[in-house]
Amino acid sequence: MNCRFLDYKMVNEVLIEKIRKFVEEECKKPDANYSNAYKFHFISMHKIAKELAEKFSADVEVVEIAAWLHDIGAIVDGRENHHITGALIAEEKLRKLNYSEKNIEKVKECILNHRGSKEGENKRLSIESKIIAEADVLDAFDNIAKQFLVTLVYEKKSLEDAKISVLNKLKNKWNQLEFEGSKELIRSKFEAVILLFGD
């Protein structure tokens, strides 16, 4: 194997690790919003995104970085426009780490377009941005309890309002799925949600 390739791969792994550590540290700060997100969302969502990137021959590095950073805006500045604040935070952080401008733009596209609740704004043109959105949805169905945690604890909704909110969020997420096989992968979970909380 070429030493140059090994050096490039090691540099990328170091960069990705720096980004992961940055997100973990931001989540640990006393004033962080959604402080449990690192443990209950970022780790599992990153794993799904990386698997999808490998499956679809996407730019794994861009996907990994975007997966770690996709919700950083919510952690630092709150949920409302976290796709926008997150893209700005990612751009600043990646520039400080001397990441290429071309790849910074790819990461920003992923972050800006990962939210399904911002219908009409999403311009998922690249496979990488589609993967980040898909992984975010799949992760939501892997731990439905975390949806209640966010709604009850962070959004401070009543139990009845939380039930309605989680149901609506998961229906919306279900409708966002684009990749062949994704719906089949989580169909039983979606049907269970409808059965338990449905209309």
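Here each label is just a point 7 Å from Cα along the line to Cβ, and for Glu51 and Asp77 those points are 3.2 nm apart.
Between the helical axis of 60-69 and the longest alpha-carbon principal axis of the chain there is an angle of about 50 degrees. On a per residue basis, the convex hull of the C-alpha atoms belonging to the stretch 7-132 measures out at 99 Å³. Taking the charge dipole of the chain about its Cα centre, with +1 at Lys and Arg Cβ atoms and -1 at Asp and Glu Cβ atoms, the residue from Val153, Asn12, Leu94 reaching farthest to the positive side is Val153.
Dipole magnitude for the chain: computed about the Cα centre from +1 point charges on Lys and Arg Cβ and -1 point charges on Asp and Glu Cβ, it is near 180 debye.
The long axis of helix 82-96 is offset from the longest Cα principal axis of the chain by roughly 20 degrees. Taking the Kirkwood radius as Rh and the Cα radius of gyration as Rg, the stretch 106-183 has a ratio of Rg/Rh equal to 1.01. Computed from the Cβ-Cβ distance with R0 of 22 Å, the FRET efficiency linking Ser188 to Ile164 stands at 0.50.
Hey, what number do you get for the chain at 222 nm if only DSSP H runs of n ≥ 4 count, each worth -39500 (n - 2.57), divided across all residues, to the nearest 500? Result for the chain: -22500 deg cm²/dmol, rounded to the nearest 500. Between Leu195 and Lys21, the contour length at 0.36 nm per residue exceeds the Cα-Cα span by 58.7 nm. The residue among His82, Ala67, Ser44 whose Cα reaches farthest toward the positive pole of the charge dipole of the stretch 42-82, with charges on the beta-carbon of Lys, Arg, Asp and Glu, is Ser44.
With the highest mean first, a sort of the peptides 92-100, 80-88 on other beta-carbon atoms found within 10 angstrom per residue produces 80-88, 92-100. Computed packing ranks the peptides 171-181, 15-25 as 15-25, 171-181, most packed first, by mean other Cβ atoms within 10 Å.
The alpha carbon centroids of the stretch 23-60 and the stretch 135-187 are separated by 16 Å. Between helix 3-28 and the chain there is an angle of about 40 degrees, using the helix long axis and the longest principal axis of the Cα atoms.
Values in this text are rule-based calculations from the coordinates and carry no lab data. Bear in mind that the values here come from a model prediction, so they are computed numbers and not experimental data. Neighbour counts are summed over all protein chains in view; Cβ atoms, including those assigned to glycine, are modelled from backbone coordinates with ideal geometry.
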